[in-house]
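Report on the following structure.
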Amino acid sequence: MTTPSDLSTNSAASPTSLSEVREWTSNLPPPVVIFNKSHSGSRLLAELVRASGIYMGAHQNESGDSEDMLELVEYVVEHYYPDFNQLWRGNQSPDVELCALITRACRRHLDGRPTQRWGWKLSETTYVLPLVDYLFPKARYLHLIRDGRDIAFSDHVPPFNTFWQKIYTDAAGMRYWHGLWFGRMSKLAYRIDPLPYNVQHWINSVTVGRHFGAMLRERYMETRYEDLCLRFDVEALRILSFIDAPSAATAIASLRSEVALTAIGKFRHRLPWQRWRAERLARPLLMSLGYLRKR
């Protein structure tokens, strides 16, 4: 059986089937997984988790996203999302490349800390949660949700390739849908008018995250960016208690002064017709989440 010390070295033989991979990952502590639509303020949430004593990875970008997990997530989304059934069929040949990606990503991310409490933040982890749940059946999941009207005015990446097309719509290969261009044309269309793309991205990310989250039951928690900012101490304690963080009080005290209330409701500074466009496109989900009143 693989031991924790074996997990920290690249020389350890990589498993060649998902069942072997799960035996391999069972030697790791259950991770804390943070996912969200990009530009939802997850850097604050990740900093809170990290400050509480949970290792968030050796290689992160400026937003705190795990660079080591990104390659794995991109591969799984491109090859399997949204139909994961082919991963569980016994008559399919094992995906040796996927198995190698999983072990390599974990080793690099942990960087020699296989026995420490750990986790990662990566927005697009949303779309591979069934696989993460299979690999880490005791993991805890934090889904950060932010008002879609703020997200509508935070530009990101157009759906120019297979990965991003699936992130936006769960499908790849479309050229045009609901007023949106895909593929190469999306780069130009996004530069001209990013708002409808940003809204669609937000709708799909939040919807997929909540659907998969419901399947995770008591190991899944939703938190609102607005709550984390406006009621920081209370919401931070709720989050850290959920993940059984080692040093909750220390983390809360260290980040209290960094909370910025000015980031909430930025959409209100936009012109009325711009706000109307965002609300019109996102109305059903905004209402179901309580960001818009019924009328």
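Six or more apart or on different chains, Cβ atoms under 7 Å: show the pairs whose first residue is in segment 196-220 and among the β-branched types (V, I, T) and whose second is buried (at least 19 other Cβ atoms within 10 Å of the Cβ) and part of a strand (DSSP E or B).
V206/I145
I want to confirm something. Restricting to segment 21-42 and keeping residues that are part of a helix (DSSP H, G or I) and touching a residue at least 24 places away in the same chain (Cβ under 8 Å), which single residue is nearest to V157 (Cα to Cα)?
S42
Those residues that are touching a Ser or Thr at 6+ places or on another chain (Cβ under 8 Å) and among the β-branched types (V, I, T), I need them from segment 96-121; list them, please.
Matches in segment 96-121: V96, I102, T103.
Scan segment 75-84 residue by residue and report those that are part of a helix (DSSP H, G or I) and either crowded, with 17+ Cβ neighbours inside 10 Å or without any contact (Cβ under 8 Å) to a residue 24 or more places away in the chain (or both).
Across segment 75-84, the qualifying residues are Y75, V76, V77, H79.
Just the residues that are assigned to a helix (DSSP H, G or I) and surrounded by 19 or more Cβ atoms within 10 Å (Cβ to Cβ), please, taken from segment 217-231.
Within segment 217-231, Y225, E226, L228 qualify.
Kindly indicate whether W181 is more than 13 Å from the chain's Cα centre (by Cα) and either buried (at least 16 other Cβ atoms within 10 Å of the Cβ) or modelled with pLDDT of 95 or more (or both).
Answer is yes for this residue.
Listed residues L110, L87, L129; which is surrounded by 20 or more Cβ atoms within 10 Å (Cβ to Cβ) and within 23 Å of V208 (Cα to Cα)? Spell out the reasoning first.
Values: L110 fails: within 23 Å of V208 (Cα to Cα); L87 fails: surrounded by 20 or more Cβ atoms within 10 Å (Cβ to Cβ).
Just a single option satisfies the conditions, and that option is L129.
Before we move on, is D193 surrounded by fewer than 22 Cβ atoms within 10 Å (Cβ to Cβ), closer than 30 Å to T25 by Cα and acidic (D, E)?
no
Which residues, taken from segment 244-279, are among the β-branched types (V, I, T), assigned to a helix (DSSP H, G or I) and in contact with a helix residue (DSSP H, G or I) (Cβ under 6 Å, 6 or more places away or on another chain)? Before the answer, list the steps.
Restricting attention to segment 244-279, the residues satisfying the condition of being among the β-branched types (V, I, T) are 250, 252, 259, 262, 264.
Next, only the ones that are assigned to a helix (DSSP H, G or I) stay: 250, 252, 262.
Hit for segment 244-279 is I252, nothing else.
For segment 232-243, name all the residues that are in a helix (DSSP H, G or I), in contact (Cβ under 8 Å) with a residue 12 or more places away in the chain and of a type in the set (A, V, I, L, M, F, W, C).
Those that are in a helix (DSSP H, G or I), in contact (Cβ under 8 Å) with a residue 12 or more places away in the chain and of a type in the set (A, V, I, L, M, F, W, C): F232, A236, L237, I239, L240, F242.
Tell me, which helices (runs of 4 or more DSSP H) lie completely within segment 89-208 with 3 or more residues that are within 23 Å of E78 (Cα to Cα) and not acidic (D, E)?
Filter on segment 89-208 gives 96-110, 129-135, 162-169, 185-192.
The values are calculated or read from the model by the stated rules, or taken from the named source; none is laboratory data. Source: prediction; values computed, not measured. Don't worry about glycine lacking a Cβ; one is built from the backbone with ideal geometry, like all the others, and counts go over all protein chains shown.
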